[in-house]
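Notes follow once the structure below has been shown.
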Amino acid sequence: MKHLTFLVFLGSFCSLEAQNWPQWRGPDQNGISREKGFPTEWSRTRNLLWSVPLPGKSGSTPVVWNSQIFLTTPKEGKNVVASFDMSGKLLWETEIGLARKGKHEAKGSATHPSPVTDGKHVFVYFRSGDSAALSFDGKIKWEQNLHALHGKDTLWWDMATSPVLTSKHVVFTKMDDGDSWLLALDKESGKQIWKQDRHFETGPESNHAYTTPVVHTGEDGTELLIVLGADHVTAHAADTGSEVWRYSGLNPGKAKYWRCISSPVVGEGLVFAPYARGNQLTAIRLGGKGDITETHKAWIGGRSSDVPSPLVVNGRAYVCEDSGFITCFEAKSGKELWRSRLGGNISTSPVFADGHIYVLGEKGTMIILEEGPSYKLVATNSLDGEWCLSSPVLVMGKLIIRTAENLLCIGMPGA
């Protein structure tokens, strides 16, 4: 009986250690996994468990829930949601409307927004404006075209903002020259719960945002949606969409063409907002109401990221520049601790687990660093030039990597 009790306890402990990866930036929308035991070295012949071809190019990141992988992809002119098991077997594919072809020659896609799941449904959003909720067996629960209902996007490039989940709703955003908004739908029915307009006067293109909101729950239980774009950071009540506070100091000189791609991240009691095409990182203290521009600015730094979103862990903030540099800051003060060139361009966002930072370059080279106050290289691994725009997924002791051509799983054999 004691032996049986131990086994039950051990099984419970293991289940607590394992995490799902339900959205683009992981369990807490910050790129951090609390799991341990991930591989740090691999190649085509070592620790690559499987690789399966995908039908179309996309920058969306897969999500994982209980050994089931979900991703979006274009296929034969259609938007498609696909699901795989953890052995790489295709379980199903479901079409959601006609694909709206990407604009950017190298990085364009109809399916850049990543899925999000609550463990019951998978929610998706496409450049065409099509949105849907699907069951885990691929059946459509509800489907609607948000751009047909609320205005087509006028972005100069390809829409990339992903849906996010609050405790009650699924939330979609659109920020551009036209009708910019946040929209909350009922998860079960797709019924509109609230719609919050978000308009700011900016120079040309500066009101275009490709960012994904962060859902943050404060110590008092207040749930906020934190949104970056159009020269502002705003916080909105999750249950109503109403604005709680705004920070207006991102573009005091009214510069033109400061479209925003990198999403904000919350850590150390601060919101980190990359801006100015990779030339400005602003740290804003959480809290307050109304205009907090003068009262809640923690610090502003001159190095930032344009496409990759920041990583904040263990009191340090890391930003990867598109050109292949990484800079580490002291999170609360903004003091630069170190800076290094990793090599090659970067469009994915860094992720962290078990003391290591994983950075995936556009040409499939993964640099692994030891997290800390000084630069320490752990390993360099190559996918032989495969084009990578999607961020890595750290789940169940494995890395799930989506390239332009394939979905790959890296892990220790037998683990």
Inset, instruction - Check the straight Cα-Cα distances from Lys254 and name the lysines below 25 Å, setting aside those fewer than 8 residues away within the same chain. - result: Lys174, Lys289, Lys297
Legend entry - Gyration tensor verdict on region 4-162 (Cα atoms; rounded if a/c is under 1.5, prolate if a/b is larger than b/c, oblate otherwise): prolate
Inset, instruction - State the Cα centre-to-centre distance between region 240-284 and region 134-209 in whole Å. - result: 19
Legend entry - Violating pairs (Cα-Cα greater than 24 angstrom) within the set Lys187/Lys398; Lys103/Lys141; Lys89/Lys120; Lys139/Lys398; Lys332/Lys398; Lys57/Lys103: Lys187/Lys398; Lys103/Lys141; Lys139/Lys398; Lys332/Lys398
Inset, instruction - Select from Ser167, Asn20, Gly361 the residue farthest towards the positive end of the dipole of region 18-410; place +1 on Cβ of Lys and Arg, -1 on Cβ of Asp and Glu, and compute about the Cα centre. - result: Gly361
Legend entry - Cβ crowding within 10 Å averaged over residues, with 303-312, 166-175 ranked highest first: 303-312, 166-175
Legend entry - Added length on full extension, which subtracts the Cα-Cα distance from 0.36 nm per residue, Asp177 to Thr40: 45.0 nm
Inset, instruction - Provide the packing ranking of 278-291, 370-383, i.e. peptides ordered by the mean count of other C-beta atoms within 10 Å per residue, highest first. - result: 278-291, 370-383
Inset, instruction - Report the extension gain between Thr295 and Ser333 in nm, rounded to one decimal, defined as 0.36 nm multiplied by the number of residues separating them, less their alpha carbon distance. - result: 12.1 nm
Inset, instruction - For the chain, divide the Cα radius of gyration by the Kirkwood radius and give the resulting Rg/Rh value with two decimals. - result: 0.95
Legend entry - Calculated [θ] (222 nm, deg cm²/dmol) that DSSP helices of n ≥ 4 give over the chain, each run adding -39,500 (n - 2.57): -1500 deg cm²/dmol
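Any read-out appearing in this document is the output of simple, stated calculations on the displayed coordinates, not a laboratory observation. Everything numeric in this text was worked out from a predicted model, so none of it was measured. In this analysis, Cβ positions are derived from the backbone assuming ideal geometry, glycine residues included, and neighbour counts consider all displayed protein chains.
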